[in-house]
Amino acid sequence: MKSRSIIAVQEWPHESRRAAELVIKAFGEPNEVSATELTWHHAVPWKRVVATEWFESHNFPVPHVDCIECVIDYAVPPEKMSELAHFDGSIRVDRTAGEVSVRCRSIASNTLKLNLVHDIVTGKRTAQEARDYHVKEVLDATRGEPTPYRKHLRIPPQGDTKDPGEQVLTEEELRTMADSDVSLIAPLALARQSAPRHP
């Protein structure tokens with residue numbers, strides 16, 4: 001009997017269906033299954049892996065589609081964000097949640113890109129040097145040469161990566177706002193007791 005996830009991806013386009021099937025093979029059944037997404041939580045070494053029916057065409061370093069997202073807890077200094085954007089357009093930084101993710105065609109490709117993100121953030125490589133190395137590993141993979149950055153995540157685990165920002169209004173100012181606009185009362189209360197977005 002076919003699993004829920006295999007049934008779910010049967011109607012997906014070939015590109016995203018094949019990619020999702022490889023993730024299922026690697027991590028087993030996902031924690032969440034919908035018609036358009038499969039999600040694995042705590043699929044070591046990842047905080048979250050998401051396979052989607054929809055995909056984006058991406059030409060660097062070779063034409064492919066982005067449909068597999070890998071997420072880790074990772075703090076990126078604001079001054080490094082433009083460098084990461086120069087390195088690759090599929091890198092996403094969520095400073096508030098303390099997460100970095102990348103969408104590509106496979107777990108190996110995401111591993112390569114996130115290892116290079118770490119190199120950029122720690123100053124080991126510039127964005128251009130990371131792009132050059134990315135191309136080298138992609139070519140080495142086709143030649144049967146070693147590809148250490150594709151093999152495993154080389155990033156030490158980080159704790160307390162969330163950055164909730166700085167409150168700039170005083171509590172008195174917030175109360176005044178709530179008193180003058182009743183629609184603000186519930187959002188202010190909810191903000192103080194908001195639950196994490198993801199497990």
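The values are calculated or read from the model by the stated rules, or taken from the named source; none is laboratory data. Here the structure is a predicted model, which is why all the values come from computation and not from measurement. Positions of Cβ are generated from backbone atoms using ideal geometry, with glycine treated the same way; all protein chains shown enter the neighbour counts.
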| Extreme residue, surrounded by the fewest Cβ atoms within 10 Å (Cβ to Cβ), among residues of region 31-51 that are farther than 18 Å from residue 104 by Cβ and free of Cβ contacts under 8 Å to residues at least 60 places away in the same chain | 44
| task | Would you mind finding the one in 95, 17, 4 that is farther than 29 Å from residue 131 by Cβ, of a type in the set (Lys, Arg) and surrounded by 15 or more Cβ atoms within 10 Å (Cβ to Cβ)? | result | 17
| request: Look at residue 23 and say whether it is among the β-branched types (Val, Ile, Thr), in a helix (DSSP H, G or I), under 18 Å from the mean Cα position of the chain (by Cα) and buried (at least 21 other Cβ atoms within 10 Å of the Cβ). | output: yes
| query | Right, residue 50: modelled with pLDDT under 95 and either within 28 Å of residue 162 (Cβ to Cβ) or of a type in the set (Val, Ile, Thr) (or both) or not? | reply | no
| said: Every residue in region 54-95 that is out of contact with any helix residue (DSSP H, G or I) (no Cβ under 9 Å at 6 or more places or on another chain), of a type in the set (Val, Ile, Thr) and over 21 Å from residue 159 (Cα atoms), please. | reply: none
| (1) touching a residue at least 40 places away in the same chain (Cβ under 8 Å); (2) surrounded by 21 or more Cβ atoms within 10 Å (Cβ to Cβ); (3) of a type in the set (A, V, I, L, M, F, W, C): which one isn't true of residue 108, the others all being true? | (2)
| Any residue at all in region 78-91 that is crowded, with 17+ Cβ neighbours inside 10 Å and in a loop (DSSP other than H, G, I, E, B)? | yes
| request: Would you tally the residues in region 151-163 being surrounded by fewer than 10 Cβ atoms within 10 Å (Cβ to Cβ) and either more than 25 Å from residue 112 (Cβ to Cβ) or at pLDDT 90 or above (or both)? | output: 2
| field | Scan of region 123-159 for residues that are under 20 Å from the mean Cα position of the chain (by Cα), assigned to a helix (DSSP H, G or I) and not aliphatic (A, V, I, L, M), ordered by number | value | 131, 134, 149, 150, 151
| query | Taking region 95-110, which residues are in a loop (DSSP other than H, G, I, E, B) and either of a type outside the set (S, T, N, Q) or farther than 15 Å from residue 151 by Cα (or both)? | reply | 95, 96, 97, 98, 105
| said: Quick test for you: out of 185, 120, pick the one residue that is touching an Asp or Glu at 6+ places or on another chain (Cβ under 9 Å), at pLDDT below 95 and not in a loop (DSSP other than H, G, I, E, B). | reply: 185
| query | On the given criteria, is residue 135 in contact (Cβ under 8 Å) with a residue 12 or more places away in the chain and surrounded by fewer than 20 Cβ atoms within 10 Å (Cβ to Cβ)? | reply | yes
